[in-house]
Amino acid sequence: MPNEGKKGSIEVGRRLKQRRKVLKWTQQKVADDLGISTSHYIAVENGRRDFSKDLLIRMSNLFEVSTDYLLLGKINTGNSSDDMIKAINELSDQERYHAHEIMRHFLEAMKMKNSE
(Lines give C-alpha, C1' and ligand atoms only; values in the text may rest on other atoms or scores of the structure.)
Protein backbone atom coordinates (compact mmCIF):
# COMPACT_ATOMS: atom_id res chain seq x y z
CA MET A 1 0.00 0.00 0.00
CA PRO A 2 1.55 3.30 -0.92
CA ASN A 3 1.92 5.25 2.30
CA GLU A 4 1.68 8.83 1.15
CA GLY A 5 5.32 8.77 0.09
CA LYS A 6 8.60 8.08 1.78
CA LYS A 7 7.87 10.15 4.90
CA GLY A 8 4.66 8.19 5.50
CA SER A 9 6.50 4.88 5.15
CA ILE A 10 9.16 6.01 7.61
CA GLU A 11 6.54 7.15 10.13
CA VAL A 12 4.64 3.85 9.89
CA GLY A 13 7.92 2.00 10.37
CA ARG A 14 8.80 4.14 13.37
CA ARG A 15 5.45 3.34 15.01
CA LEU A 16 5.86 -0.37 14.26
CA LYS A 17 9.34 -0.40 15.77
CA GLN A 18 8.21 1.54 18.82
CA ARG A 19 5.32 -0.85 19.46
CA ARG A 20 7.51 -3.90 18.85
CA LYS A 21 10.06 -2.67 21.39
CA VAL A 22 7.35 -1.98 23.98
CA LEU A 23 6.20 -5.56 23.53
CA LYS A 24 9.84 -6.76 23.65
CA TRP A 25 9.42 -8.70 20.42
CA THR A 26 12.13 -9.40 17.89
CA GLN A 27 11.77 -8.58 14.23
CA GLN A 28 11.97 -12.32 13.57
CA LYS A 29 9.00 -13.00 15.88
CA VAL A 30 6.91 -10.29 14.21
CA ALA A 31 7.79 -11.54 10.73
CA ASP A 32 6.95 -15.14 11.71
CA ASP A 33 3.62 -14.08 13.24
CA LEU A 34 2.78 -12.07 10.12
CA GLY A 35 3.78 -14.89 7.81
CA ILE A 36 6.40 -12.84 5.94
CA SER A 37 10.17 -13.01 5.71
CA THR A 38 12.26 -11.19 8.28
CA SER A 39 13.89 -9.13 5.53
CA HIS A 40 10.45 -8.06 4.29
CA TYR A 41 9.39 -6.95 7.79
CA ILE A 42 12.69 -5.15 8.41
CA ALA A 43 12.25 -3.26 5.12
CA VAL A 44 8.71 -2.22 6.15
CA GLU A 45 9.90 -1.19 9.63
CA ASN A 46 12.72 0.86 8.09
CA GLY A 47 10.34 2.56 5.65
CA ARG A 48 12.02 1.04 2.61
CA ARG A 49 9.10 -1.11 1.48
CA ASP A 50 5.39 -0.49 1.05
CA PHE A 51 2.82 -2.97 2.27
CA SER A 52 -0.56 -4.28 1.19
CA LYS A 53 -3.85 -3.47 2.89
CA ASP A 54 -3.92 -7.07 4.07
CA LEU A 55 -0.50 -6.75 5.73
CA LEU A 56 -1.52 -3.43 7.29
CA ILE A 57 -4.54 -5.10 8.88
CA ARG A 58 -2.47 -8.07 10.06
CA MET A 59 0.11 -5.73 11.62
CA SER A 60 -2.67 -3.73 13.27
CA ASN A 61 -4.17 -6.90 14.74
CA LEU A 62 -0.82 -8.31 15.83
CA PHE A 63 0.26 -5.11 17.59
CA GLU A 64 -3.27 -4.47 18.91
CA VAL A 65 -3.39 -0.94 17.51
CA SER A 66 -5.68 0.67 14.95
CA THR A 67 -4.74 1.12 11.33
CA ASP A 68 -5.27 4.85 11.95
CA TYR A 69 -2.52 4.70 14.55
CA LEU A 70 -0.11 2.91 12.21
CA LEU A 71 -0.83 5.16 9.23
CA LEU A 72 -1.51 8.50 10.90
CA GLY A 73 -0.35 8.24 14.51
CA LYS A 74 -3.90 8.83 15.72
CA ILE A 75 -5.03 7.00 18.80
CA ASN A 76 -8.73 6.25 18.69
CA THR A 77 -9.98 6.50 22.24
CA GLY A 78 -13.64 6.23 21.39
CA ASN A 79 -15.76 7.50 24.26
CA SER A 80 -12.86 7.52 26.68
CA SER A 81 -14.66 9.41 29.46
CA ASP A 82 -17.30 6.72 29.80
CA ASP A 83 -14.68 3.98 29.56
CA MET A 84 -12.55 5.68 32.20
CA ILE A 85 -15.47 6.12 34.60
CA LYS A 86 -16.49 2.49 34.14
CA ALA A 87 -12.92 1.31 34.80
CA ILE A 88 -12.60 3.50 37.91
CA ASN A 89 -15.92 2.23 39.28
CA GLU A 90 -14.61 -1.34 39.02
CA LEU A 91 -11.55 -0.58 41.19
CA SER A 92 -11.23 -1.33 44.88
CA ASP A 93 -11.00 1.64 47.26
CA GLN A 94 -7.22 1.25 47.48
CA GLU A 95 -6.84 1.00 43.69
CA ARG A 96 -9.09 4.06 43.26
CA TYR A 97 -6.88 6.00 45.69
CA HIS A 98 -3.76 5.09 43.69
CA ALA A 99 -5.46 5.99 40.40
CA HIS A 100 -6.42 9.37 41.89
CA GLU A 101 -2.83 10.01 43.00
CA ILE A 102 -1.47 9.09 39.58
CA MET A 103 -3.96 11.40 37.87
CA ARG A 104 -3.18 14.23 40.31
CA HIS A 105 0.57 13.92 39.59
CA PHE A 106 -0.09 13.73 35.86
CA LEU A 107 -2.24 16.87 35.89
CA GLU A 108 0.37 18.75 37.93
CA ALA A 109 3.07 17.74 35.44
CA MET A 110 0.90 18.82 32.50
CA LYS A 111 0.19 22.16 34.17
CA MET A 112 3.94 22.72 34.68
CA LYS A 113 4.72 21.72 31.10
CA ASN A 114 2.08 24.07 29.71
CA SER A 115 3.34 26.99 31.78
CA GLU A 116 6.87 26.73 30.33
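The values are calculated or read from the model by the stated rules, or taken from the named source; none is laboratory data. A quick note: this is a predicted structure, and the numbers were derived from the prediction, not measured. Backbone-built Cβ (ideal geometry, glycine too); neighbour counts: all protein chains shown.
Here is how the numbers come out for the structure above:
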{"quantity": "Number of positions in segment 8-31 that are within 11 Å of Phe63 (Cα to Cα), of a type in the set (A, V, I, L, M, F, W, C) and part of a helix (DSSP H, G or I)", "calculated": "4"}
{"quantity": "So Leu62, is it in contact (Cβ under 8 Å) with a residue 40 or more places away in the chain, surrounded by 10 or more Cβ atoms within 10 Å (Cβ to Cβ), assigned by TED's automatic domain parsing to the domain that holds Lys21 and part of a helix (DSSP H, G or I)", "calculated": "no"}
{"quantity": "Filter result for Ala43 (touching a Phe, Trp or Tyr at 6+ places or on another chain (Cβ under 7 Å) and modelled with pLDDT of 95 or more)", "calculated": "no"}
{"quantity": "Test for Ile75: is it in contact with a Ser or Thr (Cβ under 9 Å, 6 or more places away or on another chain) and at pLDDT below 90", "calculated": "yes"}
{"quantity": "Whichever residue in segment 25-50 is in contact (Cβ under 8 Å) with a residue 24 or more places away in the chain and either farther than 13 Å from Ser9 by Cβ or more than 18 Å from the chain's Cα centre (by Cα) (or both) and, among such residues, is surrounded by the most Cβ atoms within 10 Å (Cβ to Cβ)", "calculated": "Val30"}
{"quantity": "Single residue of Ser37, Ser66 found to be modelled with pLDDT of 95 or more and small (Gly, Ala, Ser)", "calculated": "Ser37"}
